[in-house]
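Read the structure below first, then the notes.
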Amino acid sequence: MEKSKKLEKLQIVSNRKILKSNFFLLSFFSPHIALSSKPGQFVEIGMPDSILPKPFCIHNIHEFGVVEVLYQVLGAGTQKLSNLGEGTQITVLGPLGTHFDLPSEGMAYFVGGGTGIAPLLYAQSKIKNSTTFLGGKTKEFLAPSRFNESTQYATDDGSLGFKGTVVDLMTSQLLLSAPVYACGPKPMLKALWSYVKNWNVKVQFSLEEYMACGVGACLGCVCDTKNGYKRVCTDGPVFDASEVADGF
C-alpha cells in the first residue's frame, strides 16, 4: 500500500438522508484520512456481509477527524449502506486516487453536476477566492445549505437559481480566466470543456466511474485518454481535462 493509504475498521458516526432525491450524508471518525487526504480523493467503504467495497469521494473533513461522504441511493449497494445506523462497523480504505491541484493563491472555479457536487465542498474549503457552479435536475438534487455564499445554482426546471444547465449558467456570465475544477456526468464535462478549453488555464476533471477494487487490480474503471487507457482509481480520478475530454 502507498504510505498515505490505510485500511481501517471504523464505526459510523451518523448516516442520514439530507435531500428528497435520496442523497445521504455519512460520517465516520478517521484522523488518518482527515490529516492525509486532499480534495478530489476518495475512499472505499466495505459493509457487513458485502463482498465488494464501494467507492465514495470525500465530501468534507471536520475538526477532530470526522470525515463526511455524500452519496445518492441508486442501487442495491447504496440502498444497503443507507440502512446502516450509528455505531455500525464498516471498513474504510483511503485516501485513494489523485487529487485536485489547487492554486495556493488567486481565483478558482468549481463546477459540479448531479452526484458530482460531492467532492466540491471539500475543495471549496481550501480556496479563499472561488466561485462554485452547481447543477441538478431540480432543487431536490442540490444542497445549498452546505455550500458557501459564492455558490451559484442551476436547475433544469428553474426551481433553484438559474433555469438551465450549469454550463449554461457559466456561459451567461463574464468570467475571469482562472483554473477550473469539475466533477459530473460526461455530457456536462464535454460541454464545459468546449467552453473553457481556450482559456489557457489549468482545467481538471474528476471522472465518475464504478471502481470495484479502488487499487487498480480489477481494471473495471479504465478510461480512454490521449496517452492510452488509464485506470480511474489509481491514475485518477482527477485528470487534466485536455487528456480525457476527447474520449467522452
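The values are calculated or read from the model by the stated rules, or taken from the named source; none is laboratory data. Quantities reported herein were computed from a predicted structural model and do not represent experimental measurements. Ideal geometry is used to build each Cβ from the backbone, glycine not excepted, and the neighbour counts take in all protein chains shown.
Does Leu134 fit the bill of being over 19 Å from the mean Cα position of the chain (by Cα), within 25 Å of Asn200 (Cα to Cα) and buried (at least 18 other Cβ atoms within 10 Å of the Cβ)?
Judged against the criteria, Leu134 is not a match.
Restricting attention to region 210-232, does a residue exist that is under 18 Å from the mean Cα position of the chain (by Cα), more than 19 Å from His59 (Cα to Cα) and among the small types (Gly, Ala, Ser)?
Yes, that holds for at least one residue.
Considering each residue of region 132-162, count those that are touching a helix residue (DSSP H, G or I) at 6+ places or on another chain (Cβ under 9 Å) and not in a loop (DSSP other than H, G, I, E, B), and give that number.
Total satisfying the criteria: 13.
Just to be sure I understand, how many residues within region 167-220 are assigned to a loop (DSSP other than H, G, I, E, B), of a type outside the set (Phe, Trp, Tyr) and over 30 Å from Met47 (Cα atoms)? Outline the logic, then answer.
Filtering region 167-220 down to residues assigned to a loop (DSSP other than H, G, I, E, B) leaves 172-179, 184-185, 197-202, 207-220.
This time we only want the ones that are of a type outside the set (Phe, Trp, Tyr), so: 172-179, 184-185, 197-198, 200-202, 207-209, 211-220.
Subset that is over 30 Å from Met47 (Cα atoms): 172-179, 197-198, 200-202.
Result for region 167-220: 13.
Among (1) in contact (Cβ under 8 Å) with a residue 40 or more places away in the chain; (2) surrounded by fewer than 16 Cβ atoms within 10 Å (Cβ to Cβ); (3) not basic (Lys, Arg), which single condition is Ser150 missing?
So Ser150 meets the others, but not (1).
Out of (1) modelled with pLDDT of 95 or more; (2) over 28 Å from Val232 (Cα atoms), what's the single condition that is false for Leu174?
With (1) modelled with pLDDT of 95 or more; (2) over 28 Å from Val232 (Cα atoms) applied to Leu174, the lone miss is (1).
Taking into account only those residues within region 33-60 that are touching a residue at least 60 places away in the same chain (Cβ under 8 Å) and touching a Ser or Thr at 6+ places or on another chain (Cβ under 6 Å), which is nearest to Asn15 (Cα to Cα)?
This residue is Ile58.
In region 17-60, what residues are buried (at least 21 other Cβ atoms within 10 Å of the Cβ) and among the β-branched types (Val, Ile, Thr)?
Within region 17-60, Ile33, Val43, Ile45, Ile58 qualify.
Restricting attention to region 95-115, which residues are of a type outside the set (Phe, Trp, Tyr) and either on the phi > 0 side of the Ramachandran plot or not in a strand (DSSP E or B) (or both)?
Gly97, Thr98, His99, Asp101, Leu102, Pro103, Ser104, Glu105, Gly106, Gly114, Thr115
For the condition buried (at least 20 other Cβ atoms within 10 Å of the Cβ), farther than 27 Å from Leu96 by Cβ and outside the structural domain of Phe42 (by TED's automatic domain parsing), what is the one hit in Met170, Met211?
Answer to the check: Met170.
Could you say whether any residue in region 121-130 is closer than 20 Å to Glu209 by Cβ, crowded, with 18+ Cβ neighbours inside 10 Å and not aliphatic (A, V, I, L, M)?
Yes, region 121-130 contains at least one residue that is closer than 20 Å to Glu209 by Cβ, crowded, with 18+ Cβ neighbours inside 10 Å and not aliphatic (A, V, I, L, M).
Quick one: Phe24 ticks every box in (1) more than 18 Å from Leu96 (Cβ to Cβ); (2) modelled with pLDDT of 95 or more; (3) out of contact with any helix residue (DSSP H, G or I) (no Cβ under 7 Å at 6 or more places or on another chain) bar one, so which box is it?
Every condition holds for Phe24 apart from (3).
Let me confirm something: among Val13, Val69, which residue is touching a residue at least 12 places away in the same chain (Cβ under 8 Å), assigned to a strand (DSSP E or B) and in contact with a Leu (Cβ under 7 Å, 6 or more places away or on another chain)?
Exactly one of Val13, Val69 is touching a residue at least 12 places away in the same chain (Cβ under 8 Å), assigned to a strand (DSSP E or B) and in contact with a Leu (Cβ under 7 Å, 6 or more places away or on another chain), namely Val69.
Restricting attention to region 221-236, report how many residues are of a type in the set (Ser, Thr, Tyr) and part of a loop (DSSP other than H, G, I, E, B). I'd like the intermediate steps shown before the answer.
Within region 221-236, the subset of a type in the set (Ser, Thr, Tyr) is 225, 229, 234.
Right, trim to part of a loop (DSSP other than H, G, I, E, B) and you get 234.
Going through region 221-236 one residue at a time, the tally reaches 1.
Which of the residues belonging to region 237-248 are part of a loop (DSSP other than H, G, I, E, B) and more than 26 Å from Leu52 (Cβ to Cβ)?
Phe248, the sole residue that qualifies.
Would you call Gly113 more than 20 Å from Leu7 (Cβ to Cβ) and either in the same structural domain as Val203 (by TED's automatic domain parsing) or among the aromatic types (Phe, Trp, Tyr) (or both)?
yes
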